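Okay, structure first, notes after.
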Amino acid sequence: MRRIHHACLILLTVTGLAFAQGPPAATAPAGRGAPGRGGPVPIVIGPSAPVPPEVAIPRPTPADIDQVNQATRRLIDSDNSPAKPLLAKFEPLLMLQKPRFNVAATYTQTVQRMGPRHEGFVEIARKGDIDLLLHGDSITDWWVQNDANKAMFDKYFGGIKTANFAIAGDTTQGVLWGLKNGEGQGFQPKAIMLMIGTNNTGGTDNAGTMTAAEIAEGIGAVVLEMRNDFPNAKILLLAVFPRALPGDSVRDKIAEINRIIARLDDQQHVFYLDIGPRFLDDNGYFLSGAFRPDNLHPEAKGYDIWGAAVKDKLAELMK
């Protein structure tokens, strides 16, 4: 059985956000503070968010841990096979451990949700009159970053009353906090397009320590929060887009995340859609001109592929 290591601090360098394993505050690196605030910004890990059962990680109670570990020791002690020395050697790895705190499924105000961007979203939410909400990180945020990208946005969404509350660099916990603190109140969209989680992975070669299961819990918590905030909205839950090059371990982590969150599709309120393969050639490389050299962010061609892949489904969900 897989050992779960308990840690006190997890650092996600992609976003500059420090993850704590419990309530204590962590400090964001200098230079990543909210605009106009200057200096390091304390990141206080918020309370846990509810998680849908479809993606919830089984968490043993102290009694469960004690019972399983006692049974494991008895099995090792009674074993008479040639493998007994190995079983004894690796006994610590076979023992069930206390589950660690999952920051991905918390209401945590990230650096990205501090300051004018968040405050502006709250004001937009208060005004209402939004039919389609887009949410996520930079991949969604940068739909309108330049004229070429914006042209693709207008091509597919120009005739729809939209709001884009995605922020570059953000994570599942930041989206959860934003929804809970004004971004999820004051309006009722017909549909939502959500894609979040790549910044929780830690980047290429699995630099982060969050597991796919933990990230999937965070995504599930976001979906559940949206269901509570927008009970009449249909949620188009996009699979996390592929990133990096074929062979990079982050590809495997993202594939596992997507395998888990696909369970959230109920064909009533949540509709899972994986359009990632549309961006790749037969060898798994991004199509020429579709993504930036970072193999993470779409160019205008990539946004065109994205828009074409979702336009019919969104039109159906917004009826």
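Throughout, read-outs are computed from the coordinates displayed, never taken from laboratory work. The model shown is predicted, which means the values in this text are computed figures rather than measured ones. Note that we place each Cβ from the backbone using ideal geometry, even for glycine, and neighbour counts take in every protein chain shown.
Report ³J(HN,Hα) in whole Hz for each residue of the stretch 177-188, in order, from the Karplus equation J = 6.51 cos²θ - 1.76 cosθ + 1.60 where θ = phi - 60°; Gly and Pro get x.
So the J values, rounded to whole Hz, are 4, x, 4, 6, 10, x, 7, x, 10, x, 8, 9.
To the nearest 10 degrees, how steeply does helix 147-157 sit against the main Cα axis of the chain, on a 0 to 90 scale?
Helix 147-157 sits at roughly 90 degrees to that axis.
Gap in Å between the Cα centre of the stretch 243-271 and the Cα centre of the stretch 136-204?
Between the Cα centre of the stretch 136-204 and that of the stretch 243-271, the gap is 18 Å.
Less than 22 Å apart at the alpha-carbon level, and either on another chain or at least 8 residues along: which lysines does that give for Lys190?
The qualifying lysines are Lys127, Lys155, Lys161, Lys180, Lys234, Lys311, Lys313, Lys319.
Return one number: the angle in degrees, 0 to 90 and rounded to the nearest 10, between the long axis of the Cα atoms of helix 249-261 and the longest principal axis of the Cα atoms of the chain.
80
Using Cα pairs closer than 8 Å and at least 6 residues apart in sequence, work out the relative contact order for the chain, in percent.
On the way: 604 pairs, mean separation 56.2, N = 319.
That works out to 18 percent.
Taking the number of other C-beta atoms within 10 Å as the exposure measure, put Phe230, Phe101 in order starting with the fewest. Don't skip to the answer; put the middle values down first.
Details: Phe230 22, Phe101 19.
If I rank by nearby Cβ atoms, fewest first, I get Phe101, Phe230.
Do you know the relative contact order of the stretch 78-163, to the nearest whole percent, from alpha carbon pairs under 8 angstrom that are 6+ apart? Let's see the in-between values first.
On the way: 26 pairs, mean separation 21.7, N = 86.
Relative contact order of the stretch 78-163: 25 percent.
Helix 212-229 versus the longest principal axis of the chain: what angle, 0 to 90°, nearest 10, using Cα atoms?
Between the helix axis and the principal axis of the chain, the angle is about 50 degrees.
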